[in-house]
Structures are given as C-alpha cells and as structure tokens.
Amino acid sequence: MPQSNIMPGFRPAIGLTLVYLAFIVLIPLSAMLLKSMQLNLDEYWAILTNHRVQASFRVSFVSALIAAAVAALFGFIIAWSLVRYTFPGKRLFDALIDLPFALPTAVAGIVLATIYEPQGWIGKLLIDNFGIQVAYKPLGIVVALIFIGLPFVVRTIEPVLQELDTAIEEAAASLGATRLQAFIKVILPNILPATITGFALAFARGVGEYGSVIFIAGNMPYISEIVPLLIITKLEQYEYAGATAIGMTMLILSFLLLLLINGLQWWVRHRTGQL
Amino acid sequence: MSITVSHINKHFGAFTALDNISLEIPEGELVALLGPSGCGKTTLLRIIAGLEQADDGDVFLKGDKVTDQPVKNRHIGFVFQHYALFRHMTVFDNVAFGLRVKPRKERPSEAEIVKKVHALLELVQLDWLHDRFPDQLSGGQRQRIALARALAVEPSVLLLDEPFGALDASVRKDLRHWIRNLHHELNVTSIFVTHDQEEAMEVASQVVVLNHGRIEQQGSPSDIYDHPANAFVSRFIGQTNIFDLDEHDTDWLQTAGLLTPNQEGKIAHVRPHDIVIEKAKPENNSPATLKDWQHLGGLIRLELVKNDANGSAAPVIAEMPNDQFNQLKLNRGDKVDLRIRQAHWFH
C-alpha cells in the first residue's frame, strides 16, 4: 500500500498508543469483565436490584451531578475573575485553584469534615443560623465533590476565555447591545463547550471519588453510602464477584453518561459553527 | 459638522497618545486618519467611538455632545481590524445582531429583519454566504460582512480601524475601490485609520495626518501631496529627496547648478518626478551618475549617485515615464545632468 500520509511516524505512534491503552486500560477492564462473568445473569441481577446497592448508585450519581453543576457555575465565575480582572493576590489565588489536584483526597475529606461537622467552624454557623447540617449527610458528599471538581472546570474554561477576543464585546456594544445581552449572546455561546467539558470532567471525577467522600459522608447505608465504598465493603467481605459486578455496572453507566455529555457537546459546537 | 472633536488629550501612563487634538469633519466625508504606528490614530478613533475615554476634551456627533455617552448610545458603526465577527453565529445572524438587540419597542419585526439583512448582504455582494459561519470565509469576505453588520443599525457615522490591514495586497486593492464606491452610494460620514499613505490618498476625500499625538495637517489628498505643511508630512506622503543646505549638499547643489536665488528655507524636499534627467553634455561637469533603475509599471525609478559629494551618500531618486527613459538610452554608470523643477522648502 503506498504511504500517502504526510505525518511521519504513524506506525510507531499508533503502536505505542495501542500498547499503552491495552496495558493501562483495556486489559484491567477486561479482567474485571471476566471476573464479573463468573456470576450468572440471575446472580448479577440479584446484586444490582439489591436496595442498598441501588440506593448507593442513586447517591453517587445524583451527588456527582449536583456537584458538577455547582462546580461548573462557580468555576465559570472564578475563571472569569482570574482572566478578566486584576486584583491583589491574583497569582496566589490562581495557584490555590490547583490544590485539590495535588492534595491527598483523604486529607481533603478530613479537613472538610472537621470544618463542616456540626461543631466545626462553618458547620456550627450553618446549623445555628439555617439548621443545615452538611457533614455526615448527603450534602457533605456534594460539598466534597465540589471541592474536588472545581479545578477541572476552572482549568478548562480559563484558556478559552483568555483566547476570546475582547473586540467581540466591543463590537456587540457598538451595535447597541447591553452588557447583559453581550454576555448572553456573544460570550456565553463561545464558552459553553468548554464549560460542558469542565462539567463532564468534574462529574466523571466525582462519580469515582472515594477518599474525600468517606470522611464527610457519614456512610449511612441507603442514605449517604457511595458506590465506591460499597465496592470496598464487598471486597472486605471477600465477595469479589459481587464487587466486580457493581464496578462493571458503574463503568457502563459512567460511560453512557459521558457519551451523552459528549453528544451534547457536539450538538452545541455544531449549532454554534465550531465544527 | 458631522463629527467634532475638541481639545482631546489622552495619556497612557507617562506616554502622551493624543495631545490637544481638535478636528472637524463635515457631513458625508470619507476621512483617513493617517500616521506612523504609535501616532495615536487608533486611539483617536476609539475615543470618537466611545470604546476609550479621553482624559479631557469633548466629542460631538451631529452636534450632540456624546463625551459621556457609552458606545452603545452613540449610534456609530465600528469595523474592527480583525473583523471581530461572532464566530458562533452565521453570517446572517451576525448582520442581524444589531437589529435583534434593540429594545422591544424599536425592534423591527422578524420579517423586516430578514428583508433588511438580505438587502445589506446584497449590498456587500455576499448574500449567497448568508448561512455560512465566519470561519468559513476569506479575509476580504469577513471584512465586508463586518461592514454590513455595522451598517445594519444605520449608524450616523462609520468608523473603520485599519480596515484593510489584515488583507493581502490584491484583495486590499479591490476592497479600497469597493469602499470608495460604497461611500459614494451611502454617503455616511466615515473615518478610517491607516498607516498606508497610498491607501489614504486613494480612498479618502480628506486626509488627516497625525504624528506623535498631534495633527500635522488636514486637507484633501492633493492638498497634502502638493502643499505639505511641514517636513514630516512631505516625508511621510509619497517619496521625496531631501537636500539639506546646512550640511554637505550645498557644494553639490552648486556644482549641479541647482541653487536658485529664490530658496525659501534651509531644507529642500524634491519629489522624484520633479527631477528632470538629461544625458550629460561633454562640456558640463555632470553632477550625478546613474547607478540603477527599476520598472514601476508606467514609470521608471532611477537611482542616482551624487558625483564628488562629500558626506551624505544617500542616492537621489528620480522618476520618469517609460518611453522618455527609453529615448534617453542610458546605461548603468552613465553621467547625467539633472534639473529640479520644483521643491518644497522647510526650515
């Protein structure tokens, strides 16, 4: 076959990619699939329809979705402030955003739990004034996941916002648009795809998050028990097949959700002429 | 007066961008703000538009003081150097933007918007691209869409910031011509910023020459070319030979027989086409040698070296029509006589 590709190194590059994917992603995942296939369909179904399992799926996905949505909103505002305004301590603030990436998640969980528990700094404030308890409730999971998800959103929106030509806002103003109209009709559509990407990353991270959540969640079965914890519990009871069945289901669900978000992303880009 | 600017000052830190600028532009003119980069021309345009605030001074549009009005209330059309089209909108939606953001009371119906946008797109001859996105257009097409978008709100003045700056040479030539015709058709008072003197002379009905934040001269292109107010304008507009009588050129000019009793200054600026070249007569002490020449279409540009000139070695540039040059039958290294028809004198 004649080689017509102008980019050199196609074979080594694609070879390396496949080997990497196989060792890091595909082989471990197939191992999980094989393990879960030790169960027959009835057993598999029995595990999944277990009320405690179903409740934990609900807790995991609902709190990850809420947290990703909140992180997307506030991440947008933070990215906006970092790009558009100058204020003292901006660089320090900018560096702080990445901290959740580097911090061991367990440390984050313990710190959040200490602060938000009913006797903690913020927790006491909230419970005294509004009667809201954060730690050891599903709300605590959401708080932890926002903390974890925020940098994903900020770091995906920031470069796009930086690249956005400020002349388009001036153009909108010269055509008679108010600031709000310019924001909604001109800036937002340009930032939306990046925001959706940030949301998807925060969500994906949130669904799988374990370390920070278990310290603040209270881990009450049916109420604030997340799927990863349930898997660990099963493992500790030597129910390997059960654990892999739950893991497999979670994998499929996450994959479908990410596919949906990607579809949404594609639709937005297509509608706004970015494809 | 359609646009009046009075006593505008603008500083960026210690840098003076505009120094007490006053300017009056009559209705219907197409004005070029011309100057080297950093002369403050874009800043002045942005202050007229309201995209930038002057430190002091006032801007009047159609007699109304708009100094404190934000850009959206000034009723101007602004065309940006890099088009600033909305990438996420089709060409149609870009042009319709100014109509759709109007307050509900003033907003035309959707049917009227459709009609108007198509009329504008036809005016810029790009209606067939109405459903494309800006990224799918060429530079010249984008600039014309940006113009249609600015015209959609029927601005009282049209302001263009280096409208041809980002285009390649041939597109730029077409677009210049096209803009001039469009201006004849619409007769909207327009100001465009440029650093290209040829462009200013070709397109504008009035040229304002700026340098270091000051207006050096304002007038019609022929005014500015034929009667430059000062040495800067003379140097900046078109090509010119500079002879400094205080320096080493006096001797040479004397030998060349160029010094006339009616000199009006110390420095003479001579346009290349005001230098007449003749084949040297053997009895004369010829003042120059032909070093090289270039074809510029209908004209030949001759590069002459001053004979026996001490000091400044800058060549003398002369221009003459092709056929005239052919009749002279000159070769490189030939000695020539020259005569200066006309000079602008400065002190």
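Can you find a residue in segment A:137-151 that is more than 14 Å from chain B (Cβ to nearest Cβ), surrounded by fewer than 16 Cβ atoms within 10 Å (Cβ to Cβ) and either over 30 Å from B:Phe86 (Cα atoms) or in contact (Cβ under 8 Å) with a residue 24 or more places away in the chain (or both)?
No, because not a single residue in segment A:137-151 is more than 14 Å from chain B (Cβ to nearest Cβ), surrounded by fewer than 16 Cβ atoms within 10 Å (Cβ to Cβ) and either over 30 Å from B:Phe86 (Cα atoms) or in contact (Cβ under 8 Å) with a residue 24 or more places away in the chain (or both).
Could you identify the single residue in A:Glu158, A:Glu170, A:Glu163 that is under 16 Å from A:Val186 (Cβ atoms) and out of contact with any strand residue (DSSP E or B) (no Cβ under 8 Å at 6 or more places or on another chain)?
A:Glu163 is the lone residue from the list that is under 16 Å from A:Val186 (Cβ atoms) and out of contact with any strand residue (DSSP E or B) (no Cβ under 8 Å at 6 or more places or on another chain).
Filter the helices (runs of 4 or more DSSP H) completely within segment A:126-223 down to those with at least 1 residues that are within 16 Å of the chain's Cα centre (by Cα).
Filter on segment A:126-223 gives A:138-163, A:188-208, A:211-217.
Can you tell me which of (1) touching a residue at least 12 places away in the same chain (Cβ under 8 Å); (2) surrounded by 14 or more Cβ atoms within 10 Å (Cβ to Cβ); (3) of a type in the set (A, V, I, L, M, F, W, C) is the one A:Phe101 doesn't meet?
Failed condition: (2).
Would you confirm, using the coordinates I've provided, whether A:Thr178 is open to solvent by 40 Å² or more (accessible area, probe 1.4 Å) and farther than 30 Å from A:Met250 by Cα?
It is true that A:Thr178 is open to solvent by 40 Å² or more (accessible area, probe 1.4 Å) and farther than 30 Å from A:Met250 by Cα.
Within segment B:92-128, can you find the residues that are among the acidic types (Asp, Glu), more than 14 Å from chain A (Cβ to nearest Cβ) and under 34 Å from the mean Cα position of the chain (by Cα)?
Of everything in segment B:92-128, those that are among the acidic types (Asp, Glu), more than 14 Å from chain A (Cβ to nearest Cβ) and under 34 Å from the mean Cα position of the chain (by Cα) turn out to be B:Glu122, B:Asp127.
The rows are residues; the columns are (1) in contact (Cβ under 8 Å) with a residue 40 or more places away in the chain; (2) outside any helix (DSSP H, G or I); (3) surrounded by 18 or more Cβ atoms within 10 Å (Cβ to Cβ).
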| position | (1), (2), (3) |
| --- | --- |
| B:Pro103 | no, yes, no |
| B:Ile113 | no, no, yes |
| B:Val117 | no, no, yes |
| B:Gln143 | yes, no, yes |
| B:Ala148 | yes, no, yes |
| B:Leu158 | yes, yes, yes |
| B:Leu167 | no, yes, yes |
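Restricted to segment B:66-86, and to residues that are within 12 Å of another protein chain (Cβ to nearest Cβ) and either assigned to a strand (DSSP E or B) or acidic (Asp, Glu) (or both), which residue is surrounded by the most Cβ atoms within 10 Å (Cβ to Cβ)?
Filtering segment B:66-86 for residues that are within 12 Å of another protein chain (Cβ to nearest Cβ) and either assigned to a strand (DSSP E or B) or acidic (Asp, Glu) (or both), the one surrounded by the most Cβ atoms within 10 Å (Cβ to Cβ) comes out as B:Phe78.
Residues being open to solvent by 20 Å² or more (accessible area, probe 1.4 Å) and in contact with a strand residue (DSSP E or B) (Cβ under 7 Å, 6 or more places away or on another chain): count how many of those fall in segment B:202-215.
4
I need a count of the residues in segment B:179-234 that are part of a loop (DSSP other than H, G, I, E, B) and in contact with a helix residue (DSSP H, G or I) (Cβ under 6 Å, 6 or more places away or on another chain).
So the answer is 1.
Return the total of residues in segment A:157-191 being free of Cβ contacts under 8 Å to residues at least 60 places away in the same chain and either more than 14 Å from chain B (Cβ to nearest Cβ) or polar (S, T, N, Q) (or both).
Adding up the residues that qualify gives 5.
Of all residues being in contact (Cβ under 8 Å) with a residue 40 or more places away in the chain and assigned to a loop (DSSP other than H, G, I, E, B) in segment B:129-141, which is farthest from the chain's Cα centre (by Cα)? Just the residue, please.
Looking at residues that are in contact (Cβ under 8 Å) with a residue 40 or more places away in the chain and assigned to a loop (DSSP other than H, G, I, E, B), I get B:Asp131.
May I ask you to list the residues in segment B:228-245 that are open to solvent by 30 Å² or more (accessible area, probe 1.4 Å), out of contact with any His (no Cβ under 8 Å at 6 or more places or on another chain) and not acidic (Asp, Glu)?
B:Ala229, B:Asn230, B:Phe232, B:Phe236, B:Gln239
Residue-by-condition table, conditions (1) charged (D, E, K, R); (2) over 30 Å from B:Val101 (Cβ atoms); (3) open to solvent by less than 70 Å² (accessible area, probe 1.4 Å):
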{"position": "B:Thr4", "(1), (2), (3)": "no, no, yes"}
{"position": "B:Ile8", "(1), (2), (3)": "no, no, yes"}
{"position": "B:Phe12", "(1), (2), (3)": "no, yes, no"}
{"position": "B:Phe15", "(1), (2), (3)": "no, yes, no"}
{"position": "B:Ile21", "(1), (2), (3)": "no, yes, yes"}
{"position": "B:Leu34", "(1), (2), (3)": "no, yes, yes"}
{"position": "B:Glu52", "(1), (2), (3)": "yes, no, yes"}
{"position": "B:Leu61", "(1), (2), (3)": "no, no, yes"}
{"position": "B:Asp64", "(1), (2), (3)": "yes, no, no"}
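The values are calculated or read from the model by the stated rules, or taken from the named source; none is laboratory data. Everything numeric in this text was worked out from a predicted model, so none of it was measured. Note that each Cβ is placed from the backbone with ideal geometry, even for glycine, and that neighbours are counted across all protein chains shown. Keep in mind that these areas ignore ligands, DNA and RNA; they rest on the heavy atoms of the full protein, side chains included. Shrake-Rupley method; radii C 1.70, N 1.55, O 1.52, S 1.80 Å.
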